[in-house]
Each structure stands twice: as C-alpha cells, then as structure tokens.
Amino acid sequence: MHRAALLALSCMLAAPFSGLAFERSDGTTVHCEVTRDGESRVVREVWLGHGDVGDRHPALGGAAAVVRPGADGWPVIFFDSVVFRAMLASDPHMSDFIFYHECAHAQDPKRDEIEANCEAYLELDKLGVLTPERLDALASTHKKMLRLPSRYGGSGEIFWERTLSCVKSRRDIGLR
Ligand SMILES: [Zn+2]
C-alpha cells in the first residue's frame, strides 16, 4: 500500500466519524460555515452511533442531529448515523433539510427551532432545490411527527405551519 494511502487510512481509523463536509442526497458535498468576530470556520461534523436500528446515541437525546459547542468554543454538529442511514433510504430530502437546520443553529445560537427551520427552507429555496414535490415530501415528513417538544410547537403539523409562516413573513419584509 502507498504511504499516503496508509496515512489516510490511519487518520480515518483514528477519527472514523468526524469531518467537515456533508454529502447531500443529490451527491453534492456541502459544508456549514460560521463567522464570529470576523473569523470564518467550517463547522466540524461528528457522526455518532454505527450499530443497528434502535442504537440511538444517548448524547443526542433522541434527536437526529444537534449542535453543541466544541472544546474550542466553536460549534460542532453531531449527527446520529443510524437515523440518517434510515432517513436517506426513506426521506432523503429530510436529511438535507436537517443539515441546513443544524447549520442555521450553528451560525446563530440564538435561533429557535422555528427560525432554524425557516432558514433551512430559505436556503434550500435559494439553492433552487425546493420543487413542489420536495415541498410536499418535507410537509408530510414533518406532519408524521405527531408529538414533539413544545419548542417545536408540540407537533410536526404545527412545526411545519410555523415554519411556513416564518418563511412568508421573511419574504413579506423582503429579506429574500
Ligand atoms: Zn433545531
């Protein structure tokens, strides 16, 4: 084996689930960038859990992904790889949406769940990938979540409704 390949392999083994890029369902590699006090950094991503379905990582508290400050104080996105693997098979549009949702939290920790969803919607729309079919799929995936914590509005139906009204008000004031 090539020395460089060996080195790459040993790096992968040392940190098997950590990276700086996210692969969207259309195969495009994207990353989340945050800026603080004039300094920009790409947000580190950590993938947790690699067992069977049901092996949810306790650090995520049942969420598919969360943002937490890393040791250096900069945000890190933690993903549940078991949940994402299943999601990519059934609702690939949702994994993209969650990436942009978490990135919105990372870029501004003050954003609540509705605002993070709102940003994800606006970002995907700006990228031109929100086709009517995609929007229908996103709406129905949200509505399948019958019960959610109150910070999400209590149910997926209300969560999506509030997301749409946030998008509408952002457009009304001409932000995008
Ligand atoms: Zn969130």
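Condition check: in contact with an Asp or Glu (Cβ under 9 Å, 6 or more places away or on another chain), at pLDDT 85 or above and surrounded by 10 or more Cβ atoms within 10 Å (Cβ to Cβ). Does Trp47 satisfy that?
Spelling it out, Trp47 is indeed in contact with an Asp or Glu (Cβ under 9 Å, 6 or more places away or on another chain), at pLDDT 85 or above and surrounded by 10 or more Cβ atoms within 10 Å (Cβ to Cβ).
Residues of segment 151-176 being within 18 Å of Leu124 (Cα to Cα) and part of a loop (DSSP other than H, G, I, E, B), which ones?
Gly174, Leu175, Arg176
Return yes when Gly62 is within 13 Å of the ligand (Cβ to nearest atom) and either assigned to a loop (DSSP other than H, G, I, E, B) or at pLDDT 95 or above (or both) and no when it is not.
Here the answer is yes, as Gly62 does meet what is asked.
Name the residue that is nearest to the ligand (Cβ to nearest atom), counting only residues in segment 105-129 that are part of a helix (DSSP H, G or I) and acidic (Asp, Glu).
Applying the filter and picking the extreme gives Glu113.
Residues Phe97, Phe84, Phe159: which one is in contact with a His (Cβ under 8 Å, 6 or more places away or on another chain) and either assigned by TED's automatic domain parsing to the domain that holds Gly27 or within 15 Å of the ligand (Cβ to nearest atom) (or both)?
Exactly one residue qualifies, and that residue is Phe159.
The values are calculated or read from the model by the stated rules, or taken from the named source; none is laboratory data. Source: prediction; values computed, not measured. Using ideal geometry, Cβ is built from the backbone for each residue, glycine included, and neighbour counts are taken over all protein chains shown.
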